[in-house]
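The block underneath contains the structure these notes are about, expressed in structure tokens.
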Amino acid sequence: MPVINFKYEELFKQLGQEMPKDELIDILPMISSDVESYDDEEVKVEFFPNRPDYYSLEGIVRALKGYLEIEKGIPEYNVTKTDTTITVDEKLENVRPYVATCLIKNVEINENQLVNIMEFQEHLHWVIGRDRKKVAIGIHDLDKVEGPFYYKAGIPDEDKFIPLESDQLQTLNEILESHDKGEKYSKLLEGYDYYPLIVDANDNIMSMPPIINSDLTKLTTDTKNLFIDVTGTDITAVTNALNIIASNLSENGATIETMTVKYPYHDDVEYPDFEEKIIDVHVDTASEFIGIELDTDKIIETLEKTRFKAEYVDDNTVKVTIPRYRIDILHEVDIIENIALGYGFNDLPAELPTFSTIANPDPKRQFDQILEQVMIGLGFTEIKSLMLTSEEQHYTKLQKEIEEDRITVAQPITQDRTMIRQSLINSLLEFLEDNKHEELPQKIFEIGDVGYIDQTQETQMRTAKKLAAAMISSTANYTDIKAIVESFTNNMGCDIKLEDTDNSIFIPGRCAQFEAIPQDEKLPFTFTGYYGEVNPQVITNFDLEYPVVVFEVEFKEKE
């Protein structure tokens, strides 16, 4: 999780008042942080990935102002509409299609703030940007360039600029080959005929997203005005990142100026998008979840301390307006968590549970450990991935039809987390894609739950446990995966019954489905599955270059 370093002096300056350092250390955990270490000058604080608005000192100060009741309610920002535009090149639609930009005027940057801005940018790259794959951020000295601006397709061996931390004019390909950042992130542009560039009206190159900014627009302590660009493959993530950056960097009185992105393949968009989101919170629900009796007045008071706008609707309902930098708020329960935070976790009454328990090993976990031991014995390494995926990753890339019984996310934050997985295979292939720079062979497996809509059950949801494994190497073939499956089933105390199958994931004729038949009737489980040699088109869809074989099984407990 990101660790934010800041000096007491800088925090107290932005806060507008001083307090005993020990008191600050006691307060920080009350705004959902974890104090890692501190001394007489500096504090290191860790925040969860769901709160990227805390990844700069300005975000921390904003929360402290509410908790200390220095400023309450939703923050207001000085936003001026302008005619400044950035025009997108149609050639970038299949490269890095989305961009969001804005201007921030009249900032004050000292040495500490300059370091904080750079760290803020990198924390967002890691959490929202998935190490720049989904989102990349550029922060520039606006006074070195002039609009209108362009997000254009650069020619790798012709366009040139001087990148940060360099004094040499280089082509885009030379930067990828010789610059530290170019070597680290070149895989994000691999295979494209054009590379994204941000340029100004005079054709000055400001950055090559997602690789490196130009030395021309480097920030210094003399910088007074900023140009912010956020590019990426997911327009929601791009928008969220810009909203957080714009709000945080304008906390100390700077002015935000809007910009319009002009697309040839998407509707034009004005940024930043500060349109507020509204959710109703109910007194009875909040009281039940938190375990104390609340009323509308108390809920309004606590939410204003956590920097929301809260308005009375009726005796059981409060209308809550959410600032756009709070991308973690998706549901009423998220608001209720903030009510508890505003109330004060230390002030919540404590009580002993009315029941006692005796600890025992979880039978399901014990079964997982058996599976892990078998797979590790076969030379595989375990991975863990998210249950949420997307239709593109889960179906389209695997050449499968989208199924109606999938469970979808009602309010997805990003376009790559829109449904609950029904298979583990795409997660394995995504992992191999992210690690294709590592040595071969690679042998990985995952054990996890999947979910389906089941109209025959009252809950309309069925879960199942699956295990999937994949191997990539220059020689991986059907014989290899067949031997692995036979070894796995034998180690699980089962015989195997094979059948032909027609599965779009695999090369026709190089796949099979199977049923495991327990050798001992006392075994508490059965399982079925399939295996095969992955179709070359699927391999290409996941940007892999070598043969891949996989198998997947689903376990069922005996009745």
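The values are calculated or read from the model by the stated rules, or taken from the named source; none is laboratory data. Note that the coordinates shown come from a computational prediction; the quantities given were computed from them, not determined experimentally. Note that we place each Cβ from the backbone using ideal geometry, even for glycine, and neighbour counts take in every protein chain shown. These accessible areas exclude ligands, DNA and RNA; they are computed on the full protein's heavy atoms, side chains included. Shrake-Rupley method; radii C 1.70, N 1.55, O 1.52, S 1.80 Å.
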Checklist entry - Just one of (1) 83, 68, 44; (2) 90, 47, 45; (3) 74, 71, 46 is Cα extents along the principal axes in Å as worked out from the coordinates here. Which one is it? => result (3)
Checklist entry - How many angstrom lie between the C-alpha centres of region 225-249 and region 431-502? => result 38
Item to check | Restricting region 20-124 to GluC sites (Glu not before Pro) in coil, as DSSP defines it, with at most 12 other Cβ within 10 Å | outcome: Glu41, Glu69, Glu76, Glu108
Item to check | Solvent-accessible surface ranking, highest first, for His331, His394 at 1.4 angstrom | outcome: His331, His394
Next on the checklist: Below 8 Å, C-alpha to C-alpha, sequence gap of six or more: please give me the relative contact order for the chain in percent.
Outcome noted: 12
Checklist entry - Each label point is 7 Å from the Cα along the Cα-to-Cβ direction; what then is the distance between the points at Val115 and Phe12, in nm? => result 1.8
Checklist entry - Taking 0.36 nm per intervening residue step and subtracting the Cα-Cα distance, what contour gain separates Thr171 from Lys218 on full extension? => result 15.0 nm
Next on the checklist: Let's test the formula: R0 of 56 Å, r as the Cβ-Cβ distance of Asn50 and Glu521. What FRET efficiency results, to the nearest 0.05?
Outcome noted: 0.75
Checklist entry - Probe 1.4 Å, all protein chains in place: accessible area of Thr239 in Å², nearest 10? => result 20
Item to check | Accessible area of Tyr38 in the full protein assembly, 1.4 Å probe (Å², nearest 10) | outcome: 130
Checklist entry - HN-Hα J couplings of region 327-339 from phi, Karplus 6.51/-1.76/1.60, θ = phi - 60°, integer Hz, Gly and Pro as x? => result 6, 7, 8, 10, 8, 4, 5, 5, 5, 4, 4, 6, 5
Item to check | Kirkwood hydrodynamic radius of region 10-122, Cα pairs, Å | outcome: 17.0
Checklist entry - Helix 425-434 versus the longest principal axis of the chain: what is the Cα-based angle in degrees, 0 to 90, to the nearest 10? => result 50
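What GluC sites (Glu not before Pro) does region 411-493 have in DSSP loop regions with at most 11 other beta carbons within 10 Å? Could you put the intermediate results ahead of the total?
Working: sites: Glu430, Glu433, Glu438, Glu439, Glu446, Glu458, Glu486; in loops: Glu438, Glu439, Glu458.
Answer by residue number: Glu438, Glu439, Glu458.
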Item to check | Accessible surface of Asp143 - all protein chains present, 1.4 Å probe, nearest 10 Å² | outcome: 100
Checklist entry - To the nearest µm²/s, what D does Stokes-Einstein give for region 435-493 at 4 °C and 1.567 mPa s, using the Kirkwood radius over alpha carbon pairs as Rh? => result 91
Item to check | Angle in degrees between helix 363-377 and the longest Cα principal axis of the chain, rounded to the nearest 10 | outcome: 80
Checklist outcome for this item: Carbon and sulfur atoms account, in whole percent of the 1.4 Å probe accessible area of region 474-559, for 43
Checklist entry - From the residues Thr85, Leu386, Phe445, which one has its Cα farthest along the dipole of the chain in the positive direction, the dipole being from +1 and -1 charges on Cβ of Lys/Arg and Asp/Glu about the Cα centre? => result Phe445
Checklist entry - Considering amide H positions built from the backbone, and no H for Pro or chain starts, which residues 5 or more places from Arg307, or on another chain, come under 5 Å of its amide H? => result Gly73
Checklist outcome for this item: Counting only protein heavy atoms and rolling a 1.4 Å probe, one gets per residue an accessible area for region 213-305 in Å² of 39
Checklist entry - Sorting Lys556, Lys65 by accessible area (1.4 Å probe), largest first, what list results? => result Lys556, Lys65
Checklist entry - What residues qualify as long-range amide H neighbours of Lys277, i.e. H under 5 Å apart, gap of 5 or more or another chain, H built at 1.01 Å from N? => result Ile322
Checklist entry - Based on the Cβ-Cβ distance of Asp26 and Asp500, what FRET efficiency does E = 1/(1 + (r/R0)^6) give at R0 = 51 Å, to the nearest 0.05? => result 0.15
Checklist outcome for this item: The answer for Lys400, listing residues at least 5 apart or on another chain whose modeled amide H is closer than 5 Å to its amide H, is none
Checklist entry - Which whole-number percent is the relative contact order of region 481-559 (Cα, under 8 Å, 6+ apart)? => result 29
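Given the convex hull over the Cα atoms of region 296-399, what projected area results after averaging over all orientations, in nm²?
Average projection, Cα convex hull of region 296-399: 13.3 nm².
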Checklist outcome for this item: Here, GluC sites (Glu not before Pro) of region 172-233 satisfying both criteria (DSSP loop; at most 16 other Cβ within 10 Å) are Glu190
Item to check | Percentage, to the nearest whole number, of Cα pairs in region 230-375 over 20 Å apart | outcome: 64
Item to check | Calculated FRET value between Thr354 and Met19, using beta carbons and R₀ = 41 Å, to 0.05 | outcome: 0.55
Next on the checklist: I'd like the Karplus ³J(HN,Hα) series for region 481-492: coefficients 6.51, -1.76, 1.60, θ = phi - 60°, whole numbers in Hz, and an x wherever there's a Gly or Pro.
Outcome noted: 6, 5, 5, 5, 5, 5, 5, 4, 5, 5, 5, 8
Checklist entry - If you place +1 on the Cβ of every Lys and Arg and -1 on the Cβ of every Asp and Glu, how big does the dipole about the Cα centre of the chain come out, in debye to the nearest 20? => result 780
Checklist entry - If you find the alpha carbon centre of region 31-45 and of region 135-194, how far apart are they in angstrom? => result 36
Item to check | Additional length obtainable on full extension of the chain from Glu403 to Glu42, 0.36 nm per residue less Cα span | outcome: 124.6 nm
Next on the checklist: Which residue, Pro209, Met19, Ser33, has the largest displacement toward the positive end of the dipole of the chain when charges sit on each Cβ (Lys, Arg +1; Asp, Glu -1)?
Outcome noted: Pro209
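Grab the DSSP H runs of the chain that are 4 residues or longer, score each as -39,500 (n - 2.57), total them, divide by all residues and round the 222 nm result to the nearest 500 deg cm²/dmol.
-8000 deg cm²/dmol
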Item to check | Span per principal axis, largest first, for the Cα atoms of region 1-71 (Å) | outcome: 29, 27, 18
Item to check | Accessible surface ranking that places the most exposed of Thr302, Thr285, Thr463 first, with a 1.4 angstrom probe | outcome: Thr463, Thr285, Thr302
Item to check | Cα-based helix-to-principal-axis angle, 296-305 vs the chain, degrees rounded to 10 | outcome: 80
Checklist outcome for this item: With the 1.4 Å probe rolled over protein heavy atoms, region 432-538 has an accessible area per residue in Å² of 52
